[in-house]
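First comes the structure, then the notes that go with it.
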Amino acid sequence: MNNNMINNNVNDNLFIENNKLKTELNTYKQENEKLKNRIQELNEENSKLDEELVKAYMIISNKNDNQNSQQKDINEIIKLNELIQMKDNIINNLTLQIQNNMKKSVNFDDILFVHFISSIQKINCPIKCLKTDTFAEVEEQLYKQYEDYRETNNNFITKGKLVLRFKKICENGIQNGDKVQLINDSEDE
């Protein structure tokens with residue numbers, strides 16, 4: 001397979017992966033919008049329940065002469081308080097879901113591909129990652145595809161510099177599409 005075919009195949013894979021990421025981001029945005037709307041609905045319900053609670057308190061204050069009626073009103077207030085508490089819990093859970101979805105959504109500018117190659121052309125593989133991922137996290141993704149290399153002593157070089165595993169991709173100066181060469185002592189033999 002010549003280099004143009006490999007590059008075209010890699011570019012096609014990158015294009016497909018980019019479209020998947022865009023679709024996933026749009027899905028998260030739609031979920032967030034739905035959750036925000038649900039929170040608004042629940043806040044409105046809570047306001048109505050608060051009004052009912054105030055009315056219930058007023059009823060209790062006006063019915064001091066009848067013990068049975070007071071107990072009924074107190075029970076109603078307890079039920080309303082429980083309902084308000086339940087709605088507050090739902091709102092808190094939805095707020096947490098929105099926060100979690102916002103953490104999951106990623107800026108497309110932060111997504112990049114690191115192109116791994118080996119000296120004997122056994123590896124020619126782009127790996128999708130974030131600028132903020134450590135190189136070790138990206139290396140782990142490589143080993144999922146090339147299990148044989150997990151058991152060997154590997155070093156990585158990009159732009160003439162040794163890559164530091166526990167630094168972030170951006171801290172290693174790696175940019176989108178950069179080639180990272182895997183150096184493995186056993187390949188040289």
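Bear in mind that the values in this text are calculations on the coordinates, not laboratory data. The model shown is predicted, which means the values in this text are computed figures rather than measured ones. As a convention, Cβ positions derive from the backbone with ideal geometry for all residues, glycine included, and neighbour counts pool all protein chains shown.
Listing for the model above:
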item: Among (1) 0.99; (2) 1.36; (3) 1.19, the entry that matches Rg/Rh (Cα atoms, Kirkwood Rh) as calculated here; result: (2)
item: Rounded FRET efficiency, nearest 0.05, which uses the C-beta distance separating F166 from V10 and R0 of 35 Å; result: 0.80
item: Packing-based ranking, highest mean first, of 146-159, 171-184 given that Cβ atoms within 10 Å are counted; result: 171-184, 146-159
item: Flagged links, alpha-carbon separation over 32 Å, of K20/K167; K122/K161; K20/K144; K36/K168; K34/K168; result: K36/K168; K34/K168
item: Rough spin-label spacing in nm, given labels placed 7 Å along Cα→Cβ, for I59 and N18; result: 6.3
item: Spin-label model distance (nm) - N46 vs K122, 7 Å beyond Cα toward Cβ; result: 6.0
